[in-house]
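The next block holds one structure in the form of structure tokens; read it before the comments.
Please treat every number below as a calculation from the coordinates, not as lab data. In this text the structure is predicted, and so the values were computed from the model without any measurement. Positions of Cβ are backbone-derived with ideal geometry, glycine not excepted, and every protein chain shown enters the neighbour counts.
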Amino acid sequence: MRAKTKDLVLAAMFAALMAVCSWISIPSAVPFTLQTFGVFLAVGLLGGKRGTVAVAVYILLGAVGLPVFAGFTGGIGVILSATGGYIIGFLAAALTMWALLHIFGDGKFVLLASMAAGLLVCYAFGTAWFMTVYARETGPVGLATALGWCVVPFILPDAIKIAVAFAVCLRLKGALRPAE
């Protein structure tokens with residue numbers, strides 16, 4: 001299928017938006033950023049296919065070394081680090097949102113539920129990755145400890161990001177999003 005110029009431009013714009021969202025960062029074991037907000041907006045406003053492409057472009061830009069990740073970092077080493085699973089988890093979140101929106105339609109409740117489900121998938125993928133890499137580099141870490149470091153501190157901020165992204169998507173619905 002041929003990509004339209006508009007689709008490519010929008011995917012690039014939202015990949016850039018995710019980069020800007022990653023630069024707004026509070027350092028911690030897993031940096032607090034607005035990246036998931038960018039993922040929610042990309043899929044919520046562009047639709048599943050274009051939104052997922054935007055997330056994939058963002059990850060690929062970082063993988064080749066452009067400083068699009070938290071702390072103005074980039075490179076495959078960031079993705080292979082203990083917290084890199086959360087970056088790959090953004091793609092899993094976008095795919096989850098796309099699947100749910102495709103299966104159940106793009107109603108308000110489905111959009112909100114897809115954002116929450118996407119976040120849970122991102123948490124699960126990122127935490128499993130974190131535990132694996134951390135164990136290899138430092139030593140085993142229990143699930144409760146990993147969740148305490150990597151998930152629990154982010155639940156409330158991520159819920160706020162979902163609420164704001166949901167409101168923005170409702171407000172701008174139809175402006176960028178085609179029927180899929």
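Could you work out how far apart the two model spin labels at residue 145 and residue 56 are, taking each label as a point 7 Å from the Cα in the direction of the beta carbon, and quote it in nm?
So the label points at residue 145 and residue 56 sit 3.7 nm apart.
Between residue 24 and residue 108, what is the spin-label point distance in nm, taking each point 7 Å from the Cα along the Cα→C-beta axis?
2.4
Using a Cα-Cα cut-off of under 17 Å, which lysines could be cross-linked to residue 161, ignoring same-chain neighbours fewer than 8 residues away?
In chain and number order, the partners are 108.
Run the simple label-point estimate for residue 16 and residue 156 please: 7 Å along Cα→C-beta, distance reported in nm.
Simple spin-label model gives 3.5 nm for this pair.
Nearest 500 deg cm²/dmol is fine: what mean residue ellipticity at 222 nm does the chain get from its DSSP H runs of n ≥ 4 alone, each adding -39,500 (n - 2.57), divided by its residue count? Intermediate values should be presented prior to the final figure.
On the way: 8 runs with 129 residues, N = 180.
Helix contribution divided over all residues of the chain: -24000 deg cm²/dmol.
If the reach is capped at under 13 angstrom between alpha carbons, list the aspartates and glutamates near residue 173, excluding any in the same chain fewer than eight residues apart.
Within the straight-line cut-off, residue 173 pairs with 106.
At 18 angstrom or more along the helix axis (alpha-carbon based) and mean Kyte-Doolittle of 1.0 or higher, what helices does the chain contain? Whole DSSP H runs only. Provide the component values of the computation, followed by the final result.
Values: long enough: 5-23 (27 Å, 1.48); 48-63 (22 Å, 1.16); 84-104 (30 Å, 1.72); 108-137 (43 Å, 1.16); 155-172 (25 Å, 1.79).
Long hydrophobic helices here: 5-23, 48-63, 84-104, 108-137, 155-172.
Pull up all non-local amide H partners of residue 32: gap of 5 or more, or a different chain, and H-to-H distance under 5 Å with H placed in the peptide plane.
Hits under the 5 Å cutoff: 26.
The list (i) 29; (ii) 53; (iii) 33 gives values of percent of Cα pairs over 25 Å apart, and only one came from this structure; which label was calculated from it?
(i)
When ranked by the protection proxy of mean other Cβ atoms within 10 Å per residue, highest first, what sequence do the peptides 118-127, 43-52 form?
Working: 118-127: 21.1, 43-52: 24.7.
The peptides rank, most packed first, as 43-52, 118-127.
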